[in-house]
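Reading through the structure tokens given below for one structure.
The values are calculated or read from the model by the stated rules, or taken from the named source; none is laboratory data. As the structure is a prediction and not an experimental result, all values here were calculated from the model. Cβ atoms come from the backbone with ideal geometry, glycine included; neighbour counts cover every protein chain shown.
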Amino acid sequence: MTTIEEVVPVESPAGGDGVPLLEVRDLHVEFHTREGVAKAVNGVNYSVNAGETLAVLGESGSGKSVTAQAVMGILDMPPARIPRGEILFRGQDMLKMSGEERRKIRGQRIAMIFQDALSSLNPVLTVGYQLGEMFRVHQGMSKKDAKIKAIELMDRVKIPAAAARVNDYPHQFSGGMRQRIMIAMALALEPDLIIADEPTTALDVTVQAQVMDLLADLQREYNMGLILITHDLGVVADVADKIAVMYAGRIVERAPVHGLYHRPAHPYTKGLLDSIPRLDQKGQELYAIKGLPPNLLRIPTGCAFNPRCPQAQDICRTEVPALQPVAEQDGTELDGRGSACHFWKETIHG
Amino acid sequence: MAELSKSDESQESTPNVSEVEVVDAHSESEAVAAIEAPVERGEPILQVRNLVKHFPLTQGILFKKQVGAVKAVDGVSFDLYQGETLGIVGESGCGKSTVAKLLMNLERATAGEIFYKGQDITRLSGRAMKAVRRNIQMVFQDPYTSLNPRMTVGDIIGEPFDIHPEVAPKGDRRRKVQDLLDVVGLNPEYINRYPHQFSGGQRQRIGIARGLALNPEIIVCDEPVSALDVSVQAQVINLMERLQDEFNLSYIFIAHDLSIVRHISDRVGVMYLGKMAEIGTDEQIYDHPTHPYTQALLSAVPVPDPDAREHRDRIILTGDVPSPANPPSGCRFRTRCWKAEDKCAEEVPLLAVPERFSGVDTPAAHESACHFAEEKDVVNAA
Amino acid sequence: MPDFTKTAVVAQDAAVAAEIAPQPAKPEKARSLWGDAWADLRRSWIFLISSALIFILLLITFFPGMFTGTDPILGDLAKNYLQKPRLGNIGSPDWLGYDQQGRSVYARVIYGTRASIAVGFGTTLSVTLLGGVVGMIAGYFGGVVDAVLSRLTDVFFGIPFLLGTMVVLNSFQDRTTWVVIGALGFFGWTQIARVMRGAVITTKQSDYVQAAKALGASTPRVMFRHILPNTLAPVIVVATISLGVYIAAEATLSFLGLGLTGVSWGNDISDGGNQIRVAQWIMLYPSIMLSITVLAFIMLGEAVRNALDPKMR
């Protein structure tokens, strides 16, 4: 892991050792709808350092994408509102910045990759033009230089015959190639942080492997921070360093990748892991978490997971569990682990 | 659920008896030639032979001229036995969903036959087809689009009875619909609700109830859980397995999620670009794959175990799936295959037990369409 | 009306389900789309207002004698058309003033309703039927059928609507209501056909239509039970808007001297236009009635469309 000194010091007045690349503190996001206020994010804390991959794992409606959109500053406000929270990029709160300052960070320092590459690219412009646009707009390059840069980028994301294809339109590329173009676009200005929102969900397995490999290689090469948002436990196990599991707008468990898979400390995580079909369970019932993900307009009181939790007790229905540190039975704290369960001890040790 | 169990009247579903016998004799010899049934399981309930579907590519507005064809399915053969689950896996564009539509006769096959109990259903029309439909039903991928938004749940699940009034007398239907809701784990009181008032998993249960209404023998499931949340997928898979036992259903389970297919399937077929690359029991395919594509596919699946990532032997394929409008000559996988030689470009490999394994008692001895079939365990390799 | 809150229940878990959605004492009656739509309409104020207006208009159409005893055609030149309407004398012949020929504006407004409503209704009904059938057939069957019908639609669409009807109407001496409806409908059906065809093609590909076919549903069943209800919304919107357009078109044609030969708002607006500086009421009152009528139908269309969409409940 590289420390923060590598980056331009001007940009991080509060910087120095120990300041993470990005830190989200007590973030709340709500949406005002006709039926009421949907609380999509309810106090999320996470941080990511340069060269590190944080996987944010969750189902639809867990708030994982909304958090990322808030970080990126691309939430539509209204209907969204951020009543509380801080988003610190190198120690500076982006929510307090002016629109102009934020725009500078967005795209140049933080880039985003979306799930659907086809709809994220403009269909009537060539990919070369769209890639070159980054350089023309942000760096004032000439058209010719921008095109050379675009070809370079396409080479870097391993698009075959880049020079010949630079003038092609998005629909002329396959899904995997389009996602590479999206990655190239995100990389164009060599950002410090990439947020990838389900980058391979729309892709086939063999292509998904190519794209994830590429993303991991590039991350190492540029020493970027990566926030990977996904629902796929397999992808997370392949690339993540640490994981935040989200449920109903909260982080319910936080752990380094090995710890989470071997010894989950939250019943939801445990349920997710148990419901993966395993070889020795063939012919038996799969473990299934009962019930449905909660309606964000009516999040259950207490722990949001309580109606679905096999271990729920009375306290779970009344008291919201805080994300508390997880320790061994002898009391030694497990590094980087936390669980928002009243009964985390029973879950991890029992 | 007495009235849902197989009743005697399902026997009368093959009206053209004379036709059946003619086709039967013809198909049996072919069946033996094309596929050696792995174990004694009796007569297959469904036999698919050299199924082909080409979608013509046309130009012109009023006077259309064919300029080519998308070879979505190009010679696929397999059998389905009573009470078993046949998984079909493959990436997008491999033709697996088209196979589902052909089985349901929602698309007309360009060539080939589908024998249901010995009767070729690809050429049936009108009443005979309607009778067959009672026994082959489908569960769709997207629970948000497969239910008519302007019909109540009662109307949706009751529609099969409107179309096939002989299955349930009119006065009985409402109770039957409520029974079906109960069978799939929904509150029978929800009969008057509209689809949008349910979550994805609940909608998929409604779709399953509709599929069950006519007491079918075969259910074709086209990606039935891929649109659902992870925590809900397991519920629906469990439901489908329970229903299979309860009603002795045969499933064709089309999916791209290999671990779910393995869990639910007895046998698995792997498709690539409109052809079957390899077919065998789940153990044969997952632990002893002999086709390079199967091996690459299996090794590419992310394993939910962080320990595996350091010492896993992954095969990362280069390039993309070629267009089905213009597939490669010979073996369709050769453009991405690391084993490809000149022979692969010239000769189309047939789906058969590879010569080197034939007669040998090994799990590798299953049908594989590769000139250089070779066993390689990619899942358990460490 | 089902309650949305109750849907987030765990279906599998009977205990939880029972807790959140207590079972009603007796089973509800089976409901249908149309039944639910009607129940919904009865509580929509847009529907109530618009249907009240339309009811009054229909009453005027069929029983004009209930509203005035004055003959709309008989003019009395002794009446001074420059004399201001006596707005206090509600319902009397001079309530809304007189026109140039000494005819009661009020009587003409009442008797003119029939022409406008008949032309508007008749034309809308005929274009919706004709366009709907053409669009449904073209969209559902596709291929050559679609190619032929779509080109035909394009040809008609290419003819300027008003110019076409003017040419046709010009060749008729006696322009009865039927003639005007026929002429407007002949050139007007293309928009509905296009809207319908597009909606049918989209709906045809949806999974629930495939599911119905997989069940063995007949073509009429697929068309009327699955495709039609899901294509009605855009058609109803276009139809109600065009109803207003046709009433206005009739007025325009009358203004140009090519409309109905009898009493109609269009004729009066046309005549009154010449006197707008000295006697505004001759044009004003037929125009107000025209606007109210068009508005009432557009509101009705909106209400019906919302009622037919369960998601709007």
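Of the candidates C:ALA217, C:ALA296, C:ALA279, C:ALA239, the single residue that is over 13 Å from the mean Cα position of the chain (by Cα), modelled with pLDDT of 80 or more and buried (at least 17 other Cβ atoms within 10 Å of the Cβ) is C:ALA217. Within the range A:162-183, the set of residues being closer than 18 Å to A:GLY132 by Cβ and within 12 Å of chain B (Cβ to nearest Cβ) comprises A:GLN172, A:PHE173, A:MET177, A:ARG178, A:ARG180. For the range A:224-231, the count of residues that are at pLDDT 85 or above, over 30 Å from A:ASP155 (Cβ atoms) and within 13 Å of another protein chain (Cβ to nearest Cβ) is nonzero.
A:ASP335 meets the conditions (1) farther than 29 Å from B:ILE264 by Cβ; (2) modelled with pLDDT under 85; (3) over 25 Å from the mean Cα position of the chain (by Cα) in every case but one. The failed one is (3).
Tally time: how many residues in the range A:273-323 are hydroxyl-bearing (Ser, Thr, Tyr) and either closer than 19 Å to A:LEU260 by Cβ or modelled with pLDDT under 85 (or both)? Even if it seems obvious, please write down each step before you answer.
First pass over the range A:273-323, keeping only residues hydroxyl-bearing (Ser, Thr, Tyr): A:275, A:287, A:301, A:318.
Those still in the list that are either closer than 19 Å to A:LEU260 by Cβ or modelled with pLDDT under 85 (or both) too: A:275, A:287.
Selection size over the range A:273-323: 2.
Report yes if A:ARG180 is in a helix (DSSP H, G or I) and within 27 Å of the chain's Cα centre (by Cα), otherwise no. Yes.
Output yes when any residue across the range A:188-197 is more than 28 Å from B:SER231 (Cβ to Cβ), away from chain B (no Cβ under 14 Å), among the charged types (D, E, K, R) and not in a strand (DSSP E or B), and no when none is. There is at least one residue in the range A:188-197 that is more than 28 Å from B:SER231 (Cβ to Cβ), away from chain B (no Cβ under 14 Å), among the charged types (D, E, K, R) and not in a strand (DSSP E or B).
Going by what's in this entry, would A:ASP241 be described as more than 11 Å from chain B (Cβ to nearest Cβ), closer than 20 Å to A:ASN49 by Cα, touching a strand residue (DSSP E or B) at 6+ places or on another chain (Cβ under 6 Å) and surrounded by fewer than 22 Cβ atoms within 10 Å (Cβ to Cβ)? Before the answer, list the steps.
Values: more than 11 Å from chain B (Cβ to nearest Cβ): no; closer than 20 Å to A:ASN49 by Cα: yes; touching a strand residue (DSSP E or B) at 6+ places or on another chain (Cβ under 6 Å): yes; surrounded by fewer than 22 Cβ atoms within 10 Å (Cβ to Cβ): yes.
Judged against the criteria, A:ASP241 is not a match.
Of all residues in the range C:82-111, those satisfying the criterion of being aliphatic (A, V, I, L, M) and at pLDDT 75 or above are C:LEU96, C:VAL105, C:ALA107, C:VAL109, C:ILE110. Of the residues contained in the range A:287-302, one or more are found to be surrounded by fewer than 19 Cβ atoms within 10 Å (Cβ to Cβ), facing chain B (nearest Cβ under 8 Å) and either more than 21 Å from the chain's Cα centre (by Cα) or polar (S, T, N, Q) (or both). Among residues of the range A:206-221 being without any contact (Cβ under 8 Å) to a residue 12 or more places away in the chain and within 13 Å of chain B (Cβ to nearest Cβ), the one that is surrounded by the fewest Cβ atoms within 10 Å (Cβ to Cβ) is A:ASP217. Does the range C:61-75 contain at least one residue that is surrounded by 18 or more Cβ atoms within 10 Å (Cβ to Cβ) and aromatic (Phe, Trp, Tyr)? No, the range C:61-75 has no match at all. Regarding B:GLN178, is this residue out of contact with any His (no Cβ under 6 Å at 6 or more places or on another chain), crowded, with 23+ Cβ neighbours inside 10 Å and polar (S, T, N, Q)? No: the conditions fail for B:GLN178. A search for C-beta distances below 6 Å between a residue of the range B:357-382 that is closer than 13 Å to B:TYR286 by Cα and among the small types (Gly, Ala, Ser) and any residue that is surrounded by fewer than 16 Cβ atoms within 10 Å (Cβ to Cβ) and modelled with pLDDT under 80, counting only pairs 6+ apart in sequence or on different chains, returns B:ALA381/B:ASP313.
Being touching a Pro at 6+ places or on another chain (Cβ under 8 Å), more than 23 Å from B:SER265 (Cα to Cα), basic (Lys, Arg) and at the interface with another protein chain (Cβ under 10 Å from one of its Cβ atoms): is that true of B:ARG127 here?
Working: touching a Pro at 6+ places or on another chain (Cβ under 8 Å): yes; more than 23 Å from B:SER265 (Cα to Cα): yes; basic (Lys, Arg): yes; at the interface with another protein chain (Cβ under 10 Å from one of its Cβ atoms): yes.
Yes, satisfied.
Close contacts from the range B:145-159, counting a first residue that is more than 7 Å from chain C (Cβ to nearest Cβ) and a second that is crowded, with 23+ Cβ neighbours inside 10 Å and hydroxyl-bearing (Ser, Thr, Tyr), with Cβ to Cβ under 7 Å and a gap of 6+ residues or different chains, come to B:VAL153/B:TYR190.
Selection of the range A:192-205 for residues being among the polar types (S, T, N, Q) and surrounded by fewer than 24 Cβ atoms within 10 Å (Cβ to Cβ) yields only A:THR201. The residues of the range B:183-221 that are under 27 Å from the mean Cα position of the chain (by Cα) and part of a loop (DSSP other than H, G, I, E, B), listed by number, are B:VAL184, B:GLY185, B:LEU186, B:PHE198, B:SER199, B:ALA213, B:LEU214, B:ASN215, B:PRO216, B:GLU217.
Could you list all residues from the range C:100-123 that are assigned to a helix (DSSP H, G or I) and out of contact with any helix residue (DSSP H, G or I) (no Cβ under 6 Å at 6 or more places or on another chain)?
Quick first cut of the range C:100-123, residues assigned to a helix (DSSP H, G or I) only: C:105-123.
The answer is C:TYR106, C:ALA107, C:ALA115, C:PHE121.
Among the numbered conditions (1) within 12 Å of chain B (Cβ to nearest Cβ); (2) over 30 Å from B:ASP287 (Cα atoms), the only one that A:HIS262 does not meet is (2).
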